[in-house]
Amino acid sequence: MRLLILLISIVMCGGCHSQPAIPRLPPINTIKATVNAVPELDILAISSVEVPEDQLASFARLVTPIKPCSQSIDPTIHYHVADLTVEHRDGTSTTLLVRFTGHNPAAISLDHGESYYYGGTDEFPAEAIRIIRLLHQYDYDSRN
């Protein structure tokens, strides 16, 4: 009977795995990006683009981790679409890796692909294609 109660307790708490803490990004000064070419998704490469200052806060919300990624990320099908260098007000920087998941939201990694989080906000998850379209728009605007 005690074994049964123990097993039920373990199942009820999900095997007692604790949720990983959601990483917090310090206040952001700038975001620079590189977009990778992904012919399968019609994504063209951009060697370097900076998010305009007036768009910084809204774009930062798209790539801010909101919850752990609930799917396994497979590099052969979840395309690595962009790398972002986020410079913070305190002088530090964070590199974010953005992967296309095939649905909303994008998978964001702050540790070079060791762990992934979904980006965006709870109300508006950020799909990778939206992030890429914005970066292409910023690149176009900066050239014209």
Item to check | Summed residue charge, Cβ within 14 Å of Glu53's Cβ, Lys/Arg positive, Asp/Glu negative | outcome: -2
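Write out the trypsin sites (Lys or Arg not before Pro) in the stretch 48-122 meeting two conditions: DSSP loop, and at most 12 other Cβ atoms within 10 Å of their Cβ.
Numbers: sites: Arg61, Arg89, Arg99; in loops: Arg89.
For trypsin sites (Lys or Arg not before Pro) across the stretch 48-122 that sit outside H, G, I, E and B with at most 12 neighbouring Cβ atoms in 10 Å, the list reads Arg89.
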Checklist outcome for this item: Given a 1.4 Å probe, the accessible area of the stretch 63-144 per residue, as a whole number of Å², is 53 Å²
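What GluC sites (Glu not before Pro) does the stretch 45-144 have in DSSP loop regions with at most 12 other beta carbons within 10 Å? Intermediate results must be reported in sequence, preceding the final value.
Numbers: sites: Glu50, Glu53, Glu87, Glu114, Glu123, Glu127; in loops: Glu114, Glu123, Glu127.
Qualifying residues, ordered by number: Glu114, Glu123.
Over the stretch 20-76, what lengths in whole Å, largest first, do the semi-axes of the equivalent ellipsoid take, defined as the square roots of 5 times the eigenvalues of the alpha-carbon gyration tensor?
Numbers: eigenvalues 97, 90, 14 Å².
Gyration-tensor ellipsoid for the stretch 20-76: 22, 21, 8 Å.
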Checklist outcome for this item: Sorted by chain and then number, the residues having a modelled amide H within less than 5 Å of the amide H of Ile28, at least 5 places away or on another chain, are Arg89
Checklist entry - Roughly speaking, what is the centre-to-centre gap between the stretch 38-86 and the stretch 91-109 when only Cα atoms are used, to the nearest Å? => result 5 Å
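The values are calculated or read from the model by the stated rules, or taken from the named source; none is laboratory data. Here the structure is a predicted model, which means the values were calculated and not measured. In this analysis, Cβ positions are derived from the backbone assuming ideal geometry, glycine residues included, and neighbour counts consider all displayed protein chains. Surface areas here come from the heavy atoms of the whole protein model, side chains and all, with no ligands, DNA or RNA. Shrake-Rupley method; radii C 1.70, N 1.55, O 1.52, S 1.80 Å.
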